[in-house]
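A short write-up of the structure that comes next.
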Amino acid sequence: MNVILVEDELSARQNMLAIFEELDININVMVCLESIEEAVKWIESNPKPELGFFDIQLADGVSFEIFTFHMCAKKLYIGIKQYSIL
Amino acid sequence: MIKSNRYYILIILFSGFLLSILLNLKLIWYLSDLWSNKTISYFSIEENSKLVYGIQQIFSQFFVFSLIGYFNFSLKDKIFKQNTIKPILNVLFVLFANLFIIILLALLQFVIFKFEYPGKGVLGIFYYFWKDFLVYLIAIPFAYILRMNKNLKETKRDNQKLKTEKAKAELISLKEQLSPHFFFNTLNSLSAVIRTAEKGDTLEFVEKLSQVYRYILDSGNNNLVSIKEEIVFLNDYTWLLHKRFGNNFSVDNKIDSKILDNKIPPLALQVLLENVTKHNKLLSSNPVKISIENTEDLIYFKNDLRKKENVASHGSGLSNLNKRYRVICGKEIEIIEKNDEFCVKIPIIK
């Protein structure tokens, strides 16, 4: 499965990547992106991923802004849990 | 310094003594005249009665002054509890009580000294009543002035007490505002370190985390720490933040080693650093540079300004730091925001 990861914090990114590795599924992380700007640019110029993981609060805004540029997502799952530990 | 009741009562007694002497100066002069002119060792009957009368005067006036003074100063509060009686009634009561005491004293003197009064019959009581009129007239305002003085001092002290208590409470609450965000973010970093790094790194992480938390907990007990301690702590804190943010920011510490023994409030630099990470876009493509410099009595905490647009800014971090400064030393921090640079100046406390 082709996946993108949008997360601005290094440690959270590492956590996610490690979790992907631990999961015994064939996950291909296409790219790790840091900001809305980067994400928008990347999505514009690359084949669409099957699944995306977006941190909500990014350095340059809230990741929902990405979807205002690209109404491409079929489904949006939003998980909110304060102080959850990966 | 608040004086006890006894101190004020002594003042009343002493003033009563002085006043009674003052009102009977005639007698004193008369006595000194007698002593300097007299060769024989006994007084004539006339002289004797004058002397006795004078001494009576002094004693009675002293007694009257002290009693009236003491009554109006504090005794009346014990007799008439102010909150149980209506204020107007209370004033009337006190007025009547004063009159009552005055009449009682006149009666008393009349009974004791009645052979001395110059008038005749029962009317002599009026003589005693008017005789000490001046003493009443002085004693009552005097007692009230003392009361006012005492009350004023007490209110002052209470205000001061209230102020310090308020300040203490404020300080405690300010310290407790250190966000749990940091703790959970750090735990997240820790799990990333555990997942990715070598064993030694994990241990180092735990060590730094424990040092940072020890410092934060200790800071609850101190209003001030040395800059040296704060910087050691800040280095650990920065190390932890780097684990979370990678190299998206850098801290350049240019603090002069000469000022390391001076003081600042604990967590002052931490608050500023946290503020930077909270309000700026930290991107690996464009790291935020932070520099810490100092002058003789200020620390300059500067950073590149790359404001996040949508962060709800309560400004609580900086305003809390400012409050703490005000409470601790009455100084204020200064915030200078330019186009591309943000600078906070915090006072060094010597």
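The values are calculated or read from the model by the stated rules, or taken from the named source; none is laboratory data. Everything quoted here is computed from the prediction, not taken from an experiment. Positions of Cβ are generated from backbone atoms using ideal geometry, with glycine treated the same way; all protein chains shown enter the neighbour counts. Remember, those area values only see protein heavy atoms, side chains included, never the ligands or the DNA or RNA. Shrake-Rupley method; radii C 1.70, N 1.55, O 1.52, S 1.80 Å.
Could you grab me the full set of residues in the stretch A:1-19 that are open to solvent by 30 Å² or more (accessible area, probe 1.4 Å), in contact with a strand residue (DSSP E or B) (Cβ under 7 Å, 6 or more places away or on another chain) and within 14 Å of chain B (Cβ to nearest Cβ)?
Passing the criteria: A:R13, A:M16, A:L17.
Taking the stretch A:20-42 only, how many residues are more than 8 Å from chain B (Cβ to nearest Cβ) and either open to solvent by less than 50 Å² (accessible area, probe 1.4 Å) or at pLDDT below 85 (or both)?
The total comes to 11.
Going by what's in this entry, would B:S219 be described as of a type in the set (S, T, N, Q) and within 31 Å of the chain's Cα centre (by Cα)?
Taking the combined requirement at face value, the residue satisfies it.
Just name the residue that is surrounded by the most Cβ atoms within 10 Å (Cβ to Cβ) out of those in the stretch B:319-350 that are hydrophobic (A, V, I, L, M, F, W, C) and modelled with pLDDT under 85.
Step by step, filter the stretch B:319-350, then rank; the result is B:L321.
For the stretch A:1-79, list the strands (runs of 3 or more DSSP E) that sit wholly inside it and hold at least 1 residues that are more than 11 Å from the chain's Cα centre (by Cα) and more than 25 Å from B:K281 (Cα to Cα); which are they?
Those strands (runs of 3 or more DSSP E) span A:2-6, A:28-33.
Name, by its number, the condition in (1) surrounded by 19 or more Cβ atoms within 10 Å (Cβ to Cβ); (2) modelled with pLDDT under 85 that does not hold for B:G200.
B:G200 satisfies every listed condition except (1).
Filter the stretch B:253-304 down to the residues that are within 14 Å of chain A (Cβ to nearest Cβ) and either open to solvent by 30 Å² or more (accessible area, probe 1.4 Å) or among the aromatic types (F, W, Y) (or both) and list them by number.
Scanning the stretch B:253-304 gives B:K278, B:H279, B:K281, B:S284, B:S285, B:N286, B:P287, B:D304.
Which one of the conditions (1) closer than 24 Å to A:L10 by Cα; (2) modelled with pLDDT of 90 or more does B:K243 fail to meet, given that it meets all the rest?
Going through the list (1) closer than 24 Å to A:L10 by Cα; (2) modelled with pLDDT of 90 or more, B:K243 breaks only (2).
I need every pair where a residue in the stretch B:248-267 that is among the charged types (D, E, K, R) has its Cβ under 8 Å from the Cβ of a residue that is open to solvent by less than 70 Å² (accessible area, probe 1.4 Å) and in a helix (DSSP H, G or I), sequence separation at least 6 or different chains.
As it stands, the answer is B:D261/B:I227; B:K263/B:I227, since those pairs meet every condition given.
Check B:Y213 against each of (1) more than 26 Å from B:N322 (Cβ to Cβ); (2) open to solvent by less than 70 Å² (accessible area, probe 1.4 Å) and name the one condition it does not meet.
Evaluating B:Y213 over (1) more than 26 Å from B:N322 (Cβ to Cβ); (2) open to solvent by less than 70 Å² (accessible area, probe 1.4 Å) leaves (1) as the failure.
May I ask you to list pairs of residues, at least six apart or on different chains, whose Cβ atoms are under 8 Å apart, with the first in the stretch B:204-228 being aromatic (F, W, Y) and the second being assigned to a strand (DSSP E or B) and open to solvent by 20 Å² or more (accessible area, probe 1.4 Å)?
none
Going by what's in this entry, would B:L321 be described as under 31 Å from the mean Cα position of the chain (by Cα) and part of a helix (DSSP H, G or I)?
Yes.
Output the residues belonging to the stretch B:220-249 that are more than 10 Å from every other protein chain (Cβ to nearest Cβ), outside any helix (DSSP H, G or I) and open to solvent by 50 Å² or more (accessible area, probe 1.4 Å).
Across the stretch B:220-249, the qualifying residues are B:N221, B:N222, B:N223, B:L224.
In the stretch B:14-29, what count of residues is obtained for those that are surrounded by 15 or more Cβ atoms within 10 Å (Cβ to Cβ) and either modelled with pLDDT of 85 or more or over 22 Å from B:V64 (Cβ atoms) (or both)?
5
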